[in-house]
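Notes for the one structure printed next.
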Amino acid sequence: MSNDINQFSPNKIKYFVCHTPGRKSVCPQGSHFIHMMGGSVFSTNDIQDDLIGDNTGDNISKKNKSFCELTIQYWAWKNTDADYYGFFHYRRYLSFYEDKFPTDDWNSVIRPYLNNKTIEELRLNDIEHIQKIISGYDVITPIPIDLKKVGFSSVYDQYKTSPRLNIKDINLLLDIIKDLYPNYSEDAKEYFSGRKLYLCNIFIMKKDIFFEYCEWLFNILFEFEKRSDMSLYSEEMYRTPGHLGERLFGIYFSYLCKHRNIKSLELQLVTIGDSSKVESLSPAFPKESVNIVFSSSEYFAPYCATTIRSLLDQISENKNYDIIILEQEIQSKTKIRLLSMVKGIRNVSIRFFNVKQIFDDYVLSICEHFAVETYFRLILSDFLPEYNKIIYLDSDLIILDDIAKLYDIDISNYCVAGVVDTVLAGHINGFTPEKHRPYYLEKVKIKEKNLLNLINAGVLLINLSKIREQYTSNELLDYAQANNFNLCDQDVINSIFQDKILHLKNEWNAYNDEEGTLRRWCATFAPKEMYFSYKIAIKNPKILHFCGTTKPWNEPNYEYAHLFWDTLKKTPFYELVIHRRIIEISNFHNHNTYKQIVDRRTLKGKIKFTIKKIVRLFFPPKTIRREILKKIYYKFRTHKS
């Protein structure tokens, strides 16, 4: 969207939503919404397409660092025409739902995300419904905060006790009001001595009242700028004019109610935890590339980095490698380390895709040594819409050949390609058939003919185009959630795609299991030709998979562990993994072995999963019971005004 201030024709309602630089937020759509970038004059990059800058026409964009969202309000006053003017933030909106939601003590309805579900719930896009609700009112405000509930005796007391605000500014403000608008002076004192507080500069006003208010508000704030000295203020204290604007709205509104007999309406204020867009990814390179996807947590990042480093050691100079890491918690400093691994390598890209919003609505079973990240691969067809094929890799691998050779395998007639899980075949074929055969035949719905050909999901070549034709990500996740399979997404993949799987040579996913281990013993029960292929592959693997619970970072003497450590040394995480080993050894001597640590992590995951199941059972979504539970939960969260 361009910055042309004349593109908007007069309309009954205009809602101006303030967005901040460097953040891509969800923008509710409709002719009544105008999404704007505050402080656009400072933006070094072009403003994103769906935002308008506040630095056009008659503006005070340069004051944004102190006036905050009020630069948007000024711009709307000076440059647009409407019957009603409304103001929201990128993560704060008024609710137009007919009934009341439970709130926290600050009278705020808490929603974790601003997505289509939340937008529909709050009826933000229903312009006819909104017009019907506000019709006939002069001013619409959020329900004010009762300061007694949050431990303050008055509006003045709340400002005075705020650690990053200075009460002398309120005293100066009162003096300015007395000098410029003496008829408001007593109402200002009365407001500051009261317990009702209006925050966030969020409201809807009729045009004539809004214009009068802006004239009054900005005259006072500009005078405050002249009389005050904020040169030594901290970053937050420098936002004082924005904070004062919130209190000035309360004063003005109280004055209108007392002296002008206006008609007003209170609506619930909704605070969004995360308003970030979940955007699908486009290919990193204009030409065909080898597309590789990993999943990782913050904890697993060093091991994911080691797998990536082994991949980089084998790449071809005449191919491009597009690497995507699915995550929901990786820290910025960790991402910087990961990105440093491909600095200066022109034909390799690493990007991150946060999937937290997608998975927060699901209760997915976790068992044994798995983590929730194992399910991330199920969403790829929808969130990589421009990709036709990808390789999915676990993060406990060492790659010993150019991954492009795997990518070039033709799977046009298949949904997925993978290596048969020889250990699982051994379980089914003779080691524990009484347990595994009925589970896979009855629970996972595997056909008898496919029973010994189930693939391991640690290395997959995935035909996204073919999957996209038949299933959505939600359908795959719903299936996973409904069944609580033992091997999580691996069972999902084998169940749904069982007749559309191409079996790869074992060398592309050679399991590292020493002689004498339980897994190697299980494998000996597999059909003999399958077991022989398994043994041959481990002697000359293209991808070495440290499958199971024994990992090379915990057992440096394990077979082939030296390949992991030699590769780890070439990453920015070597010292971190050494530090973890020192802590683990120390814990061992304190009777806290690594196994106990893993057990605690597994137990924590199981407890969390059980709690989620209980919550969904007794507190279903969109019920009063669920909303009351949310209120109790969010009561203990720190409120950020």
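Remarks
- Test: residue in region 186-201 that is surrounded by fewer than 18 Cβ atoms within 10 Å (Cβ to Cβ), out of contact with any Leu (no Cβ under 6 Å at 6 or more places or on another chain) and of a type in the set (A, V, I, L, M): no
- When residues of region 103-114 are limited to those that are open to solvent by less than 20 Å² (accessible area, probe 1.4 Å) and among the hydrophobic types (A, V, I, L, M, F, W, C), the one modelled with the lowest pLDDT: Leu114
- Qualifying residue in region 232-249 (condition: over 37 Å from the mean Cα position of the chain (by Cα), more than 23 Å from Ile133 (Cβ to Cβ) and at pLDDT 95 or above): no
- Failed item, numbered, when Ile167 is tested on (1) among the aliphatic types (A, V, I, L, M); (2) open to solvent by 10 Å² or more (accessible area, probe 1.4 Å); (3) touching a residue at least 12 places away in the same chain (Cβ under 8 Å): (3)
- Of all positions in region 410-424, at least one carries a residue that is acidic (Asp, Glu), within 21 Å of Tyr392 (Cβ to Cβ), out of contact with any strand residue (DSSP E or B) (no Cβ under 7 Å at 6 or more places or on another chain) and surrounded by fewer than 23 Cβ atoms within 10 Å (Cβ to Cβ).
- From the options Tyr392, Tyr375, Tyr387, residue that is of a type in the set (Phe, Trp, Tyr), touching a Cys at 6+ places or on another chain (Cβ under 8 Å) and open to solvent by less than 20 Å² (accessible area, probe 1.4 Å): Tyr375
- For Tyr156: the one exception among (1) closer than 29 Å to Ser228 by Cα; (2) open to solvent by less than 10 Å² (accessible area, probe 1.4 Å): (2)
- From the options Lys466, Lys405, residue that is within 29 Å of Thr549 (Cα to Cα), open to solvent by 30 Å² or more (accessible area, probe 1.4 Å) and outside any strand (DSSP E or B): Lys405
- The set of residues in region 475-507 being farther than 22 Å from Cys547 by Cβ, in contact (Cβ under 8 Å) with a residue 60 or more places away in the chain and more than 32 Å from the chain's Cα centre (by Cα) consists of Lys500 alone.
- Scope region 250-271; condition under 31 Å from the mean Cα position of the chain (by Cα) and polar (S, T, N, Q); matching residues: Gln268, Thr271
- Tyr471 being out of contact with any strand residue (DSSP E or B) (no Cβ under 8 Å at 6 or more places or on another chain) and either open to solvent by 20 Å² or more (accessible area, probe 1.4 Å) or among the aromatic types (Phe, Trp, Tyr) (or both): yes
- Meets criteria (more than 29 Å from the chain's Cα centre (by Cα) and farther than 20 Å from Val270 by Cβ) for Asp146: no
- Residue pairs whose Cβ atoms lie under 8 Å apart, sitting 6 or more positions apart in sequence or on different chains, and linking a residue in region 354-366 that is under 15 Å from Gly273 (Cα atoms) to a partner that is open to solvent by 60 Å² or more (accessible area, probe 1.4 Å), are Lys356/Glu329.
- All conditions in (1) touching a helix residue (DSSP H, G or I) at 6+ places or on another chain (Cβ under 9 Å); (2) outside any helix (DSSP H, G or I) hold for Gly516, with the sole exception of (1).
- Residue in region 299-321 that is nearest to Leu464 (Cα to Cα), counting only those that are of a type outside the set (A, V, I, L, M) and in contact with a Ser or Thr (Cβ under 6 Å, 6 or more places away or on another chain): Asn320
- Considering residues of region 257-311 that are under 30 Å from Pro541 (Cα atoms) and of a type in the set (S, T, N, Q) only, the residue surrounded by the fewest Cβ atoms within 10 Å (Cβ to Cβ): Ser297
- Considering (1) crowded, with 20+ Cβ neighbours inside 10 Å; (2) outside any helix (DSSP H, G or I), the lone condition that Ile72 does not fulfil carries the number (2).
- So Ser349, is it under 26 Å from Asn320 (Cα atoms) and small (Gly, Ala, Ser): yes
- Residue among Glu235, Glu215 that alone is open to solvent by 10 Å² or more (accessible area, probe 1.4 Å) and in a loop (DSSP other than H, G, I, E, B): Glu235
- Residue satisfying condition, being part of a loop (DSSP other than H, G, I, E, B) and open to solvent by 10 Å² or more (accessible area, probe 1.4 Å), within set Lys100, Lys117: Lys100
- Each residue in region 532-557 was checked for being open to solvent by 30 Å² or more (accessible area, probe 1.4 Å), hydroxyl-bearing (Ser, Thr, Tyr) and not in a loop (DSSP other than H, G, I, E, B), and 1 pass.
- Check on Asp229, in a loop (DSSP other than H, G, I, E, B) and free of Cβ contacts under 8 Å to residues at least 12 places away in the same chain: yes
The values are calculated or read from the model by the stated rules, or taken from the named source; none is laboratory data. Predicted, not measured: the structure shown is a model, and the values here were computed from it. Here Cβ is always computed from backbone atoms with ideal geometry, including for glycine, and neighbour counts include all displayed protein chains. For accessibility, only protein heavy atoms count, side chains too; no ligands or nucleic acids. Shrake-Rupley method; radii C 1.70, N 1.55, O 1.52, S 1.80 Å.
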